[in-house]
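Engineer: Here's a structure for you.
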Amino acid sequence: MADTEERLKRIFTLALLLLSACKREATPASTEAEALDYVRLVRVAVSNAYYETGKAVPPTPCTDDLFGMKKTSKFLILERCTAQTDAAGNALIAAVFNGDIAVLSDAQGVRRVPVSELPGGK
């Protein structure tokens, strides 16, 4: 029994060492995909908030406790993000990541757009 525990400890330690030795590098494609995934998750969260309350969700920062979406990865910096629904529950999310990755989620789906095309864009 002690031998098994000791072997498991060694395996676990080795796994941690290997994980810490691996360095993930961001690519433009992976960063964009991560931004799209983040907005998809916010879309689910804002839709859930609408269905739980039965009321339209006013423009709310995506990092609000209502959505539970505080964190992004070390490669993805959330600069601004607003989520809302209308009275019918249709979600609208506008987000900017890393200065130049703008993502819009509306009735047409989730997609990357120029920052100038976001509601309130520059």
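Please treat every number below as a calculation from the coordinates, not as lab data. This structure is a prediction, so every number in the text was calculated from the model and none was measured. Using ideal geometry, Cβ is built from the backbone for each residue, glycine included, and neighbour counts are taken over all protein chains shown.
Engineer: Within a Cβ distance under 14 Å of Gly68, other residues only, what is the Lys/Arg minus Asp/Glu net charge?
Structural biologist: Here the charged neighbours net out to 0.
Engineer: Between Arg40 and Ala107, what length comes free when the chain is fully extended (0.36 nm per residue of separation minus the Cα-Cα distance, one decimal in nm)?
Structural biologist: 22.9 nm
Engineer: Using alpha-carbon pairs under 8 Å, 6+ residues apart, how would you state the relative contact order of region 26-117 in percent?
Structural biologist: For region 26-117, the relative contact order is 27 percent.
Engineer: Quick query: amide H of Leu118 versus all other amide H atoms, modeled in the peptide plane; which residues come in under 5 Å with a sequence gap of 5 or more or a different chain?
Structural biologist: none
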